[in-house]
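Contents: one structure, followed by commentary.
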Amino acid sequence: MLRTSVRHFSSTSRRLAAESIASMEAPFAHGIRVSAVQGIASDGLVSAIGKTPLIKLKQLSADTGCTILGKAEFQNPGGSVKDRAALFCVLDAEARGQLKPGGTVVEGTAGNTGIGLAHVCRSKGYKLVIYMPNTQSQGKIDLLRLLGADVRPVPAVPFDDPQNYNHQAKRHAEGLENAVWTNQFDNIANRQAHIETTGPEIWAQTEGKLDAFTCATGTGGTLAGMTRYLKTKSDGRVKCYLADPPGSVLHSYIQSGGKLQDRSGGSITEGIGQGRVTDNLRPDIDLLDGSVHIPDEKSIEMVYRCLDEEGLYLGASSSLNVVAAKEVAEKLGKGHTVVTILCDGAYRYADRLFSRKWLEQKNLLGAIPERLQKYIVLP
């Protein structure tokens, strides 16, 4: 009798425990399923790159009557979309036999590509040399050195000057054994990263139910790779648009049907805008359906709107992409789904974007609505 009671109690306890676990897991069932698919990043940091969430921007979606989605690339290990290009450039060099164990990666960069390369190189055991303009902040230099890079600031000169930091990086790599210049602007492994990873991820996350894609371009890799993948996968149905900041020539290039103008002016955004058509962009630029020009005033306002309305702490380049997605949604009309890239967060730019003095110097304080100026917390 006692043995039967014990068995009954044990069975009941297991059932109640199972029911309790099921009730605990139920609210997070989607996250658990995603985690099960992702599994373990068994190849270390490099296998954790990508597979980022696609976030619905609720207020902007409501405002436009569309579904506006942002790919949360700030959740990559190195904090930006550039982790993807960094990894693919290194993998390509390995596949070509240009980079062997113990080798050196060299790049000319002032931004996120260097940070992505620093993470990838440490994970894979390579040395990294970064050339950058000496106009960059000490904070950027310190971060790259903290990540193990040999950072070499050089005088800031135009691209056509042999002493430009990109050309110096190339010459340095050529003078070393077992070394590669990753050449992010014209190395099409950059573009390939988005054909093979970002594009398929977005297609799967939306179940193919997207109508348009837009983002800005610096190297051209993200826009080109995404455009090629989406146009191919949808048989041309998905529309793709360039988002361009002040100081870039690509908006006028597209609007004029292929006429390059001299570059003039500048923007508060970093890492985007271009004075030429890069090798990454060239194969796919004619596939674009159009372009939108986004002034800095709209970008800085969206930095604050995304923080206030969506809880997203985004850099100016990401915010420019969000403005572009909003304008593309308005252009297409209600009921459409538009996707963009949230390329990085505001963490590396906070000392400027949330500084009253800096905003005044850039004549951008007036672009921020009064109700949002509470977020200007730095002098």
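The values are calculated or read from the model by the stated rules, or taken from the named source; none is laboratory data. Keep in mind it's a predicted model, so treat the numbers as computed, not measured. Positions of Cβ are backbone-derived with ideal geometry, glycine not excepted, and every protein chain shown enters the neighbour counts. Ligands, DNA and RNA are excluded from the accessible area calculation, which covers all protein heavy atoms including side chains. Shrake-Rupley method; radii C 1.70, N 1.55, O 1.52, S 1.80 Å.
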Problem set entry | Per-region count, region 255-284, residues surrounded by fewer than 21 Cβ atoms within 10 Å (Cβ to Cβ) and among the hydrophobic types (A, V, I, L, M, F, W, C) | 2
For this session: Name every residue in region 147-185 that is modelled with pLDDT of 95 or more, assigned to a helix (DSSP H, G or I) and under 13 Å from residue 114 (Cα atoms), in order of residue number.
Result: 169
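For region 197-226, give me each residue that is farther than 15 Å from residue 278 by Cα, in a helix (DSSP H, G or I) and in contact (Cβ under 8 Å) with a residue 24 or more places away in the chain.
We begin by selecting, within region 197-226, every residue farther than 15 Å from residue 278 by Cα; these are 197-215, 226.
From what is left, the residues that are in a helix (DSSP H, G or I) are 197-206, 226.
Residues satisfying the conditions are 197, 198, 199, 200, 201, 202, 203, 205, 206, 226.
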For this session: Report, by residue number, each residue of region 335-374 that is farther than 17 Å from residue 308 by Cα, part of a loop (DSSP other than H, G, I, E, B) and in contact with a helix residue (DSSP H, G or I) (Cβ under 7 Å, 6 or more places away or on another chain).
Result: 336, 343, 349, 364
Exercise. When region 285-331 is examined, which residues are found to be open to solvent by 10 Å² or more (accessible area, probe 1.4 Å), out of contact with any Ser or Thr (no Cβ under 9 Å at 6 or more places or on another chain) and among the aliphatic types (A, V, I, L, M)?
Worked result: 307
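The rows are residues; the columns are (1) under 20 Å from the mean Cα position of the chain (by Cα); (2) surrounded by 18 or more Cβ atoms within 10 Å (Cβ to Cβ).
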position: 84; (1), (2): yes, yes
position: 87; (1), (2): yes, yes
position: 95; (1), (2): no, no
position: 100; (1), (2): no, no
position: 103; (1), (2): no, yes
position: 114; (1), (2): yes, yes
Exercise. Taking the stated definitions as given, is residue 45 open to solvent by less than 80 Å² (accessible area, probe 1.4 Å), touching a strand residue (DSSP E or B) at 6+ places or on another chain (Cβ under 6 Å) and either at pLDDT below 75 or not in a loop (DSSP other than H, G, I, E, B) (or both)?
Worked result: no
Seminar exercise, completed: Inside region 233-265, the number of residues satisfying the requirement of being at pLDDT 85 or above, part of a loop (DSSP other than H, G, I, E, B) and out of contact with any Phe, Trp or Tyr (no Cβ under 7 Å at 6 or more places or on another chain) is 11
